[in-house]
Amino acid sequence: MSIKSNIVSLWAELAPRQCKLVAVSKTHPPDLIMEAYEVGQRIFGENKAQELVSKWEVLPKDIEWHMIGHLQSNKVKYIVPFVKLIHSVDSQKLLIEINKQAAKVNRVIHCLLQVHIASEETKFGMNHAELRRIIGSLPEYPFVRVKGLMGMATLTDDTNQIRKEFAALRVLKDELKKNKTNTSYDMDELSIGMSSDYQIALEEGSTMVRIGSSVFGERKYS
Ligand SMILES: *Cc1c(COP(=O)(O)O)cnc(C)c1O
């Protein structure tokens, strides 16, 4: 399989559900990203601020760069001038910093709130109480526009468990959309699904899947 054929077959699977493909290009060099770009893929996801900046610098400027990994507050300033969507907003502290740096460059930064849905302790994300508190505070951050939620399911072979975790996040998103406490956010996007579980995520209402290895092949960490 080639990057091109991987992308084309993923698009065909996602199109009937109007789900977007975020091609996760972390650890892969710009020339491989260009192979995906040449077929027409424009949304790419990275999980490190430094890597995001260095790829943005050398690659075509119509690429939509998404930050999908845990973001430290002190790195926010490097990505706000160009980032299209930050999937991984998981604290008030980070939100405050994004708003502050975005104001400096006069851009409204689109963000997703990352919710902890997995049974593992280690995955990042907020609990429901934090989530509701942050949503209540969004009118204070005019340079941040929340567009929806992001979550990562437990790393398990138990597809029922994965499905339950995704479904719970979709229910939460729908509830937050229906019972809005303020007008400073939208709840239209649901970023769920990776290479191993995107088909379940699609069935559970994903609007954006974040797929790395099924596009570019296995990652080699040096
Ligand atoms: C790496 C990564 C992905 C993609 O993982 P694959 O299993 O390679 O598809 C998705 N989401 C996040 C947050 C990641 O860090």
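Couple of notes before you dig in:
- Across segment 89-173, C-alpha contacts under 8 Å between residues 6 or more apart give a mean separation that, scaled by the residue count, equals a relative contact order of 34 percent.
- Rounded, prolate or oblate (a/c below 1.5 giving rounded, otherwise prolate when a/b exceeds b/c) for segment 66-222 by Cα gyration tensor: oblate
- Kyte-Doolittle mean at least 0.0 and Cα axial length at least 15 Å: DSSP H helices in the chain: 3-14
- Across the options LEU138, LEU176, GLN114, the greatest Cα extent toward the positive end of the charge dipole of segment 96-191 (unit charges at beta carbon of Lys, Arg, Asp, Glu) belongs to LEU138.
- Viscosity 1.002 mPa s, temperature 20 °C, Stokes-Einstein D of segment 20-100 from Kirkwood C-alpha radius, µm²/s: 166 µm²/s
- For segment 165-217, the Kirkwood estimate of the hydrodynamic radius, built from every pair of different alpha carbons, is 12.0 Å.
- Basic side chains Lys and Arg get +1 at the Cβ, acidic Asp and Glu get -1 at the Cβ, and with that the dipole of the chain about its Cα centre reaches some 740 debye.
- Cβ-derived FRET efficiency at R0 30 Å, ARG107 paired with THR154, nearest 0.05: 0.30
- A probe of 1.4 angstrom, applied to the heavy atoms of all protein chains, finds ILE200 with accessible area near 20 square angstrom.
- From phi via Karplus (6.51, -1.76, 1.60), per-residue ³J(HN,Hα) for segment 64-81 in Hz, x at Gly/Pro: 8, 8, 10, 8, 10, x, 4, 10, 7, 4, 6, 9, 4, 4, 6, 9, 4, x
- Cross-link pairs exceeding 30 Å between alpha carbons, from the set LYS177/LYS220; LYS20/LYS177; LYS20/LYS55; LYS55/LYS147; LYS26/LYS104; LYS100/LYS164: LYS177/LYS220; LYS100/LYS164.
- For the chain, the per residue solvent-accessible surface stands at 48 Å², with DNA, RNA and ligands left out and a 1.4 Å probe.
- Across the protein chains, with a 1.4 Å probe defining accessible surface, the residues THR183, THR207, THR159 rank THR183, THR159, THR207 from largest area downward.
The values are calculated or read from the model by the stated rules, or taken from the named source; none is laboratory data. Just so we're clear, the structure is a prediction, and the values are computed from it rather than from any experiment. All Cβ positions, glycine included, derive from the backbone under ideal geometry; neighbour counts span all protein chains shown. For accessibility, only protein heavy atoms count, side chains too; no ligands or nucleic acids. Shrake-Rupley method; radii C 1.70, N 1.55, O 1.52, S 1.80 Å.
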